[in-house]
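The values are calculated or read from the model by the stated rules, or taken from the named source; none is laboratory data. Since this is a predicted model, take the numbers as computed values, not measurements. Ideal geometry is used to build each Cβ from the backbone, glycine not excepted, and the neighbour counts take in all protein chains shown. In case anyone asks, the SASA skips ligands and DNA or RNA and just uses the protein heavy atoms, side chains included. Shrake-Rupley method; radii C 1.70, N 1.55, O 1.52, S 1.80 Å.
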Amino acid sequence: MTALTLSTAGAATLRADVLVVGVAKGPKGPVVAAGAEAVDKAYDGKLAAVLDALGASGAESEITKLPAPAGLKVPVVLAVGLGSLPEKDESFDEEVLRRAAGAAARALHGSKKAAFALPLDDASAVTAVAEGALLGAYAFTVYQGGEKKGSGNGGTSRTKSGGEGPKQPLAEVTLLGAKPRDKEHKAAVERATIVATEVNIARDLVNTPPNDLTPEAFAAVASTTAKEHGIKVQVLDEKALVKGGYGGIMGVGKGSENPPRLVRLSYTHPKAEKTLAFVGKGITYDSGGISLKPAGHNETMKCDMAGAAAVFATVVAAAKLGLQVNVTGWLALAENMPSGSAVKPGDVLRMYSGKTVEVLNTDAEGRLVLGDALTRASEEAPDAIVDVATLTGAMVLALGNRTFAVMGNDDAFRTSIHEIAEEVGESSWPMPLPAELRKSMDSPTADIANMGERMGSGLLAGLFLQEFVGEGITWAHLDIAGPAFHEGAPYGYTPKGGTGSAVRTLVRLAERTATGDLG
């Protein structure tokens, strides 16, 4: 993990490989942002003019590198765009700072140390820049090279014999302009480090190939990490799942030689007054089962456990932060494969709740494992349940690749989660659960079918899950199918591959619940 420190040193005196400054779009061209005054002075007050001559505009996350003048202790200055200059007496948006820091950190892969002289008006800005830098300084290199073992999350690389390995992430970030002895600034950095670390851990899990991350392997990782942080853990293997009547999880997983698992993680605080339950879909590989996915749709299906990765990372983050709230995480882990033992279209499964489900499409498997986990989580009567899942392609069609859907049985709670997501820089949108769609899941054979009408199918999935939430329990469903795995070119602090979607939202939700700031 990239090291992050605060420094009172001046931008002109700190030694580093690169000095990062911000540049905004002004009415007459680029404008050097606050925090880089000493750097501008080293260019005789002409840094903006030099950037203009190089074609820099100050557009968000735009990167421009230039040689440093003699007055600085660094060889290179990197200017990162911050977008439009704020109105007088206003600050740059936190997400703009987060993305700018992330873009700069990504551009500095291979560097050892960078000093960031970006605008830091308050502790919130410190958090944003720190988070952005740590999230941008991420690479998953564990499978590149010739050695047998390595580490992801920006960890050790593996160098090929006779050649160079992949560029490693920026090793050290120093924030200039923050105050190391200021309690708020220090706390901001500590929080940003914990949250970014857990987001990157979730990314690592999503990026790990499915031959290595089976349900059993995922459960083992969760167990080991949980014990390290004082989190109670319980793992139900296939025998316990059969004995307990978890027909949804077992039905999905019985076609694979890698049996399913249900993992319960429990972080408790002695002064907590509220309990949150987070439930994550953990399909470690989704072939579609007997309803096999068409060619071109299988290659990224290792990401179908991103919901469980987000839940796991959130529980660990809550423990590290010492939040005054009880948080229980449920990881519903299975591998959806076609075989002679696999569940078939037309089969009927008896869920943990006792409700029967006619399986019309084996590729609608996520709702089956979540149904069991939601019922089990409801038995403990938490104050609220949030499930997280890469659940439907319909939500990708509806909201695109960068926005997740929020549904729920309580409009105020759904709205709060949407607002929290926007606050932390995760794009979301509230979606309805139209009651009239429920009838299309009626089955002549069972209590409910796992599929309904095609139109509004992403909402139907939410309606299906709602059937397994305990009466009177506040519940929300996050469909992160779009933003959980990024197949395009990296941008801002978002890498190619696993993104760690929803972790920051869930952590902030837990923080708000702990302090009583949630409605």
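I'm checking my understanding of the structure. Among residues of the range 3-30 that are surrounded by fewer than 22 Cβ atoms within 10 Å (Cβ to Cβ) and under 11 Å from residue 82 (Cα atoms), which one is modelled with the lowest pLDDT?
Result: 26.
Of the numbered conditions (1) free of Cβ contacts under 8 Å to residues at least 40 places away in the same chain; (2) touching a helix residue (DSSP H, G or I) at 6+ places or on another chain (Cβ under 9 Å); (3) outside any helix (DSSP H, G or I); (4) open to solvent by 50 Å² or more (accessible area, probe 1.4 Å), residue 212 fails exactly one; give the number of that condition.
The number of the failed condition is (2).
Take the residues of the range 385-436 that are without any contact (Cβ under 8 Å) to a residue 60 or more places away in the chain and assigned to a strand (DSSP E or B): which is least open to solvent (accessible area, probe 1.4 Å)?
Here the answer is 430.
Looking at the range 224-246, which of its residues are over 20 Å from the mean Cα position of the chain (by Cα) and assigned to a helix (DSSP H, G or I)?
224, 227, 228, 238, 239, 240, 241, 242, 243, 244
Against the definition (touching a helix residue (DSSP H, G or I) at 6+ places or on another chain (Cβ under 6 Å) and within 28 Å of residue 131 (Cα to Cα)), how does residue 415 come out, yes or no?
It is false that residue 415 is touching a helix residue (DSSP H, G or I) at 6+ places or on another chain (Cβ under 6 Å) and within 28 Å of residue 131 (Cα to Cα).
Right, residue 293: open to solvent by less than 10 Å² (accessible area, probe 1.4 Å), in contact with a strand residue (DSSP E or B) (Cβ under 9 Å, 6 or more places away or on another chain), in contact (Cβ under 8 Å) with a residue 24 or more places away in the chain and not small (Gly, Ala, Ser) or not?
no
Looking at the range 329-340 only, could you name the residues that are among the polar types (S, T, N, Q) and open to solvent by 10 Å² or more (accessible area, probe 1.4 Å)? Steps first, answer last, please.
Step one: of the range 329-340, the residues among the polar types (S, T, N, Q) are 336, 339.
The answer is 339, and nothing else.
Residue 33 passes all but one of (1) closer than 18 Å to residue 119 by Cα; (2) open to solvent by less than 30 Å² (accessible area, probe 1.4 Å); (3) at pLDDT below 95; which number fails?
Failed condition: (3).
Can you give me the number of residues within the range 75-94 that are more than 22 Å from residue 426 (Cβ to Cβ) and either open to solvent by less than 10 Å² (accessible area, probe 1.4 Å) or touching a Cys at 6+ places or on another chain (Cβ under 8 Å) (or both)?
Total satisfying the criteria: 3.
Does residue 60 count as surrounded by fewer than 24 Cβ atoms within 10 Å (Cβ to Cβ), without any contact (Cβ under 8 Å) to a residue 24 or more places away in the chain and either touching an Asp or Glu at 6+ places or on another chain (Cβ under 6 Å) or not in a strand (DSSP E or B) (or both)?
no
Can you find a residue in the range 480-492 that is open to solvent by less than 20 Å² (accessible area, probe 1.4 Å) and part of a strand (DSSP E or B)?
Within the range 480-492 (the criterion being open to solvent by less than 20 Å² (accessible area, probe 1.4 Å) and part of a strand (DSSP E or B)), the answer is no, since none of the residues qualifies.
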